[in-house]
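Asker: I am attaching a structure below and will ask some questions about it afterwards.
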2 protein chains.
Amino acid sequence: MSRPGESAQQRDTPVLTERGGVRKAAILEAALRVIGDKGLAGLSMRAIAAEAGLPLGALGYYFKTKDDLILEAFELHTRREADRVLAAFAGVENGDHADDIAEHLTAFIHHGLTEARTSLVAEYEFLIESTRRPDLARVSRAWRQALQIQVSHVASRLGSDDPETDSEIILSVIAGLEIDHLSTPLDPSTTQAIRTALRRTITRLGLRGNAARL
Amino acid sequence: MSRPGESAQQRDTPVLTERGGVRKAAILEAALRVIGDKGLAGLSMRAIAAEAGLPLGALGYYFKTKDDLILEAFELHTRREADRVLAAFAGVENGDHADDIAEHLTAFIHHGLTEARTSLVAEYEFLIESTRRPDLARVSRAWRQALQIQVSHVASRLGSDDPETDSEIILSVIAGLEIDHLSTPLDPSTTQAIRTALRRTITRLGLRGNAARL
DNA sequence: ATATAAGTTGTACGTTCGTTCCAGTTCCAG
DNA sequence: CTGGAACTGGAACGAACGTACAACTTATAT
């Protein structure tokens, strides 16, 4: 008997679709859901197993400890979310007006606060836990840095004269709007307030789609 | 035998300095510290008792359940923190330049990320938990609303032509900057980046201390 | 076919958890 | 002084926890 992590089938980019890999992926997905709606405080191996529809014993086979499982779940989340964020900003590059840009970001936040709410809550659970776990902190930092680099490129294309600062401001505003509206049900007037805040931010930063380079 | 919550000595504004009240306050303080450095996941009645230097049995006397304790700790935190935030913005009102305003906010964030880090982490623990507990969510909303009202008054005095939106932007930027730098040790260059972002935000929003009313 | 490895599952271990209880102590009104 | 109320603290409860393990089945390779 051996464990997957010790076996020769381990790769640089783990393939999660081979024999036992589907199960491993299902466990991580289940963990992300549990973290999202019960929090890390409510996360137990038994709760994950129940959510995944698997026996408790299965978890010990794929993950040495609960902490390992949490780390891998966070890595999975950042991999997936990075794509989503970049997609949101990619749609922005050819927009013509500041309002178009703001609209993309509004839709992004709106999605996070409604359909993807569980995932968003899980994300902030991880970020807070990162203050206590160096391994999670490394993932947080790498993710945040990747986001900022990409967003600053976008800001540069949109005519920013200080892309680094503007990307920091934009990412901060997004995070702040998300946090501030997580405890509240998202009604239309709230969405409108978010839109207004984003429009004003983008406009005042002087970002526009068809910007000539400075 | 009776419990304080059932007794006639209960008041609208609980006095925490009477006979057993000192202990109750000590328990809440201990809970805030434990939440800050072990998280809600690491919060146990025994950990609180140990942190407060009290026997486990004492907790059951002052708080019916752990959830009650958490709620009261959150209320204590918001009461205390509201004062601190308003003080930070109060020092801003008579400033002359956008840079002065930004400097106040930078100092505020810097303090939260260094000396008051434990308290800041606890705050975000509460905010995330608010997504799952309606009683905590009420506290979050009330607190957030109080902050926004006060900050929008300040923004108005600083010449904002849309104080509500500007206060939402400012509070979001602050929250975002805090969150984004919680997983990272706060070195001087990071502080400088925060200062730069705040300066640009304030400047671009057109806020200045000696503003004439529009 | 047979052996070896991979995957699977139910059970059980020792700990820690929130909460309850009660005998004992301190306080204050009468 | 005396009674009852407020307060104290240690012990104990059942429940839930993370993890380890051994018996078992399935797949793969020679």
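Read the figures in this text as sums done on the coordinates, not as results from a lab. Note that this is a predicted model, so its numbers are computed, not measured. Cβ atoms come from the backbone with ideal geometry, glycine included; neighbour counts cover every protein chain shown.
Asker: Could you check the simple spin-label distance between A:His97 and B:Thr114, using points 7 Å along Cα→Cβ, in nm with one decimal?
Answerer: 4.6 nm
Asker: Any idea which of A:Thr190, A:Gly176, A:Leu28 is furthest toward the positive side of the dipole for the protein assembly as shown, if Lys and Arg beta-carbons carry +1 and Asp and Glu beta-carbons -1?
Answerer: Looking along the dipole axis, the top candidate is A:Leu28.
Asker: Right, another one. How far is A:Asp83 from itself in the other copies, in nm, if each label sits 7 Å out from Cα along the Cα-Cβ line, shortest first?
Answerer: 5.0
Asker: Kindly provide the helix-only [θ] at 222 nm of the protein assembly as shown, computed as the sum of -39,500 (n - 2.57) over DSSP H runs of four or more divided by all residues, to the nearest 500 deg cm²/dmol? Working shown, then result.
Answerer: On the way: 18 runs with 292 residues, N = 428.
Result for the protein assembly as shown, helices only: -22500 deg cm²/dmol.
Asker: Continuing with this model, one more query. Mind checking the mean number of beta-carbon atoms from other chains within 10 Å of the Cβ atoms in A:109-119? Walk me through the numbers on the way to the answer.
Answerer: On the way: counts 0, 0, 0, 0, 0, 0, 0, 0, 1, 1, 0.
Taking all residues of A:109-119 together, the mean is 0.
Asker: Still on this model: Mind jotting down the distance between the C-alpha centroids of the stretch B:114-149 and the stretch B:155-201, whole Å?
Answerer: 18 Å
Asker: Taking the 0 to 90 degree range and rounding to the nearest ten, how far is the long axis of helix B:134-157 tilted relative to the main principal axis of chain B, both from C-alpha atoms?
Answerer: That helix lies at roughly 30 degrees to the long axis.
Asker: Helix B:66-90: angle to the longest alpha-carbon principal axis of chain B, degrees 0 to 90, nearest 10?
Answerer: The angle comes out at about 30 degrees.
Asker: To continue, here is another question. Convert each backbone phi in the stretch A:191-199 into a coupling constant with the Karplus relation 6.51 cos²θ - 1.76 cosθ + 1.60 (shift: θ = phi - 60°), then list the ³J(HN,Hα) values in order as whole Hz, x for Gly and Pro.
Answerer: 4, 5, 4, 5, 4, 4, 4, 5, 4
Asker: What nm distances, shortest first, do you get from the label point of B:Pro188 to those in the other copies when the point sits 7 angstrom along Cα to Cβ?
Answerer: Inter-copy label distances (nm, one decimal, shortest first): 5.4.
Asker: Ok, one more. Apply the Karplus parameterisation 6.51 cos²θ - 1.76 cosθ + 1.60, with θ equal to phi minus 60°, to every residue of the stretch B:99-104 and state each ³J(HN,Hα) to the nearest whole Hz, in sequence, with x for glycine and proline.
Answerer: 5, 5, 4, 4, 5, 4
Asker: One decimal, nm, shortest first: give the distances between the label point of A:Lys38 and those of the same position in the other copies, each label point 7 Å from Cα along Cα→Cβ.
Answerer: 2.0
Asker: Moving on to the next point. Take every Cα pair under 8 Å in chain B that's 6+ residues apart, average their separations, divide by the length, and report that relative contact order as a whole percent. Intermediate values should be presented prior to the final figure.
Answerer: Values: 206 pairs, mean separation 51.2, N = 214.
Relative contact order of chain B: 24 percent.
Asker: Let's see if you can work this out: charge +1 on each Lys and Arg Cβ, -1 on each Asp and Glu Cβ, no other charges. What is the dipole magnitude of chain B about its Cα centre, in debye to the nearest 20?
Answerer: On the way: 26 positive and 30 negative charges, 113 e Å.
Once rounded to the nearest 20, the dipole reads 540 debye.
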